[in-house]
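The values are calculated or read from the model by the stated rules, or taken from the named source; none is laboratory data. This structure is a prediction, so every number in the text was calculated from the model and none was measured. Positions of Cβ are generated from backbone atoms using ideal geometry, with glycine treated the same way; all protein chains shown enter the neighbour counts. SASA here: full protein model, heavy atoms, side chains in, ligands and nucleic acids out. Shrake-Rupley method; radii C 1.70, N 1.55, O 1.52, S 1.80 Å.
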Amino acid sequence: MMSEGAEKNPSKSPAPVVASVADLQVHFQSKRGIVHAVDGVSFDIHDGETLGLVGETGCGKSVTARSFLRLVPKPPGIDAGGSILFRPRTTCDACEGRGCESCHQTGRVSAGCSACSGKGCSECVQSGEETLDLMQVSNSRMRSLRGDRIAMIFQDPGKALNPALTIGSQIAEVFYQHRSAEVLDAANVDVSGIDPGSLLLKRQAAQQSRTIERTLLKIPPLRSRRNQITAAVDDMVADALAETQIANPRKIMQRYPHELSGGMRQRVMIAQALACNPDLLIADEPTTALDVTVQARILELIHELQQRRQTAVLYISHDLSLVRRICDRVAVMYAGRIVEISDADQIFQDPRHPYTRGLLAALPSATQSRGKLAAIEGTVPELVDPTPSCRFSGRCPNEVETCARFDPHLQSVGDEHSVACFIYHEPPEGSGGRPTLAARSS
Amino acid sequence: MTMESEHPQDDAAAASDKLILSLHGLKKHFPIKEGALQRVVGQVRAVDGVSFDIRSGETVGLVGESGCGKTTLGRCVSGLTDPSDGAVYFNITEGDRDRVDALRDIPDEQRSEQEREELAALDEAHCINQLNEQARRHYRRNCQVVFQDAFASLNPRHLVNDIVGRPLQVYGEASGSELTTRTVQLLEQVGLGSQHLYRYPHQFSGGQRQRISIARALALNPELIILDEPTSALDVSVQAQILNLLHELQRERNLAYLFITHDLSVVRHMADRIVVMYLGKVVEAGRTQDIFERPQHPYTKALLAASPDLSDDTDTEIPTLEGTVPDPAHPPQGCRFHTRCPVATPACGWDVDDVVRGLENQENLFDGLSAVNRVSPFEAQLTFDNEASARALADTLHSNAISASMREALEEAVVRDRTINIRFNPAEEVELTERAPGHIAACVLDPAAR
């Protein structure tokens, strides 16, 4: 990464954009046809914010998130178009990571574009910042980003952790993979010199060594160095675990995942994800498998760590009341599209899209009388070769003929608030009329 | 424990409501087996003495964290497992219920011959695992279950027609074309139709599958349906549909529900009365409104505070509980919640296990432990390899590393040679006491005294 392009870009909105998804389309090949799981999703994530992605099962929220790390299996997955532009950050030169005016108190700034050194070219979409299209970058570059610049917390920590490895060795992997230079530095192993052992150690640190190299490392002078490295990594792992308020990290490091409770495992996942101080953290329903009392503590932990490190978080959930608590902005997804995106307060106080309204009304609450929950009738449509129409037509209480023939797009309805619905913007020429909220039957 | 406090619903429910089910001191312990001979080395106390009643037409919500025994309780009530102790009475009159309560409260050895016979007769007539075959069939058809996972509880190789019609066939209710007509009627009641008769479960969505489960449960016109997390696998919009349907059916057929869930907003919406469980015991029970507006037990309070709600103020911090649920094989003495309780007192039943529970995260404190001699749950001698380790533990026990109330409950922590003798104030198990009419809680703190 380059440091000369590390000056701020004052023309930007308050916090710079870390990642911007534009017209992302991920389809799946199936026997019945092509499933449009994600069909034209666009949104931006700013530095240090929490963006909530909510929606029902099968609306494409997990596929969107996994696309960031290219974890969608292909086949059956098909990249049908669109891009995810990601701008990795480096430490701010002006304040050396402490946070100053020019880096919006985050202590980090964008790396400069290597092609135009900050002037703006087609490669960096005129931003002058290093920009990677996550859908296009090479596999080796992707590998270097995963866990380092972009990290993910999965839904079920029981499945995401390797049951055959100790907690310590799983987290150490991250350091060996992405921080091998720091590891060798901390272990006082000189890599720049001509020491023949250093190369072996480096290869071992990055887990690239072969059997013969590992055998060579058993030779006493090399072995002592290797022990130094192990000790250095153990320190780093213990620190990472301690960050997530795990008591007695040294002991936990020697345990296996099955020995820990669900809440502890999720903490380990978080420690692993945040080990390299990523720019973007993707949390895919991190608390669904946990009890409410544990959930509250995990959320608090994610929030606290995010505040401290100013990491951008993409928080995926189906639980609206949870998202309201922890997110700055919320995007509501339905059937592969974003139907509404706005400030969290705004979306819960003044939901515009009929689907968002329906979701909020469907939550059981003390005020509603029993048996009178406003259920959204019908089911989520199958996304096999969809026709151009509003995806919510068929379940929408405000539907008119136009909705079944034309496709609404996200359009602004006010301050940072966009909705994809014909109620709020003109339908195209020759349509059968415009729906209104008054048409609501209930 | 008084009779009234054991059955708070006496006041809560109208007198006309028929008693359907009465749980009396229900216990379910699972043995822990070890070694080649499968010797029983311990008991997991999944359900440990639960009593409450269910009346016709009411919904009883059973809430608690995972592992608190709510599903096991549901399985005991539905007759899927036999309880280790205690009993579930079905179709019992109020008078008989009170008589059973009185008889069962007398310790076994003190019962007279006559009382013993009376209890045996009552058990045989009403206790669900002692019924004769005919009465058991009658019970089975009146108590149906809807399971959490509609994917697993419907046979993937059977058609909906078979699944929903099977209970009618088994009980000889209908056959031939009448069976089909009845099955279609059932499907229509849950919002499906005759077009769905000849399909397999995999052809339905999660919500529809749950509807099929409900239709099957309704087939024999039961009095009680046990709903074990019926909506936890569903999306909110579908959950709303199912909850509306359940309410509709309850109104039409005067069904009683035992609604087992961990989702407090759902239970608040659905239940008339709520029973809160923690580690196999009831910590609080009462009317829904009372529980939500005036929770008495610190655990209920913590549970309510931790569950996010749309009406919450987003800026307030979510209050959290420390620690994890203790192992149900070795539940804490006294009040089982005291290890995590934010308002624990010295009288809550601190014991020797709590020393280990509270301090196991401390580095190297128990590394030198060589022997433990347990005199009682409240007294034990811990022997270490060297005196320094024993001294270190004694010092820790007198420091701020343990909570103030635990320090106060600690009577003695004396080091003799390499052994430390730890003794706590013994405490009784905390009984459920009545806090308001129809509202009971098990906590040493009495709000009236504060």
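Structure notes:
- Any chance A:R324 is away from chain B (no Cβ under 13 Å), open to solvent by 40 Å² or more (accessible area, probe 1.4 Å) and either under 18 Å from the mean Cα position of the chain (by Cα) or of a type outside the set (D, E) (or both): no
- Within the range A:377-401, residues that are in contact (Cβ under 8 Å) with a residue 24 or more places away in the chain have Cβ atoms under 6 Å from residues that are open to solvent by less than 50 Å² (accessible area, probe 1.4 Å) and among the polar types (S, T, N, Q) in these pairs: A:E399/A:S393, counting only partners at least 6 apart in sequence or on another chain.
- Verdict on A:D44 being open to solvent by 40 Å² or more (accessible area, probe 1.4 Å), closer than 20 Å to A:R329 by Cα and either of a type in the set (D, E, K, R) or at pLDDT 85 or above (or both): yes
- Selection within the range B:241-290 - within 11 Å of chain A (Cβ to nearest Cβ) and among the aromatic types (F, W, Y): B:Y278
- Enumeration of residues in the range A:245-285 that are out of contact with any helix residue (DSSP H, G or I) (no Cβ under 6 Å at 6 or more places or on another chain), within 14 Å of chain B (Cβ to nearest Cβ) and buried (at least 22 other Cβ atoms within 10 Å of the Cβ): A:R267
- Taking residues in the range B:62-87 that are in contact (Cβ under 8 Å) with a residue 60 or more places away in the chain, and partners anywhere that are open to solvent by 60 Å² or more (accessible area, probe 1.4 Å), the pairs with Cβ atoms closer than 6 Å and at least 6 places apart or on different chains are B:D85/B:K27; B:G86/B:K27.
- Filter result for A:G193 (out of contact with any Ser or Thr (no Cβ under 9 Å at 6 or more places or on another chain), open to solvent by less than 70 Å² (accessible area, probe 1.4 Å) and at pLDDT below 75): yes
- B:H338 meets each of the listed conditions (1) open to solvent by less than 30 Å² (accessible area, probe 1.4 Å); (2) within 11 Å of chain A (Cβ to nearest Cβ); (3) farther than 24 Å from A:V54 by Cα apart from (2).
- Residue within the range B:89-106 that is in a loop (DSSP other than H, G, I, E, B) and either closer than 23 Å to B:L62 by Cβ or in contact with a Phe, Trp or Tyr (Cβ under 7 Å, 6 or more places away or on another chain) (or both) present: yes
- Within the range B:56-65, the presence of a residue that is of a type in the set (S, T, N, Q), farther than 23 Å from B:A271 by Cα and outside any loop (DSSP other than H, G, I, E, B) is excluded.
- One residue alone among B:A380, B:A371, B:A329, B:A347 is surrounded by fewer than 23 Cβ atoms within 10 Å (Cβ to Cβ), in a helix (DSSP H, G or I), of a type in the set (A, V, I, L, M, F, W, C) and away from chain A (no Cβ under 11 Å), and that residue is B:A347.
- Residue in the range A:355-367 that is surrounded by the most Cβ atoms within 10 Å (Cβ to Cβ), counting only those that are more than 28 Å from the chain's Cα centre (by Cα) and facing chain B (nearest Cβ under 7 Å): A:P364
- Only residues that are free of Cβ contacts under 8 Å to residues at least 12 places away in the same chain and either over 23 Å from B:T345 (Cβ atoms) or of a type outside the set (D, E, K, R) (or both) were counted across the range B:392-426, and they come to 5.
- Scanning the range A:369-399 for residues that are under 23 Å from B:R273 (Cα atoms) and either more than 8 Å from every other protein chain (Cβ to nearest Cβ) or open to solvent by 50 Å² or more (accessible area, probe 1.4 Å) (or both) yields A:S369, A:R370, A:K372.
- Filtered residue count, the range B:249-265, keeping only those that are of a type outside the set (S, T, Y) and under 17 Å from B:S213 (Cβ atoms): 7
- You will find that of A:F86, A:F68, the residue that is out of contact with any Lys or Arg (no Cβ under 9 Å at 6 or more places or on another chain), open to solvent by less than 20 Å² (accessible area, probe 1.4 Å), aromatic (F, W, Y) and at pLDDT 65 or above is A:F68 and no other.
- All conditions but one from (1) under 24 Å from A:T293 (Cα atoms); (2) free of Cβ contacts under 8 Å to residues at least 12 places away in the same chain apply to B:W350; the one that does not is (2).
- Residue in the range B:393-401 that is in a loop (DSSP other than H, G, I, E, B), surrounded by fewer than 17 Cβ atoms within 10 Å (Cβ to Cβ) and touching a strand residue (DSSP E or B) at 6+ places or on another chain (Cβ under 6 Å) present: no
- When B:N386, B:N425 are checked against the criterion of being under 24 Å from B:P331 (Cβ atoms) and open to solvent by 50 Å² or more (accessible area, probe 1.4 Å), a single residue qualifies: B:N425.
- Only a single item in (1) of a type outside the set (D, E); (2) touching a Ser or Thr at 6+ places or on another chain (Cβ under 9 Å); (3) modelled with pLDDT of 80 or more is not met by A:A187, and it is number (3).
- For first residues located in the range B:318-342 and under 18 Å from A:M264 (Cα atoms), partners that are open to solvent by 50 Å² or more (accessible area, probe 1.4 Å) and among the basic types (K, R) and lie 6+ apart or on another chain with Cβ distances below 7 Å form the pairs B:T320/A:R297; B:P326/B:R357; B:T339/B:R357.
- Looking only at residues of the range A:131-146 that are assigned to a loop (DSSP other than H, G, I, E, B) and among the aliphatic types (A, V, I, L, M), we find that the one that is nearest to A:Q25 (Cα to Cα) is A:M135.
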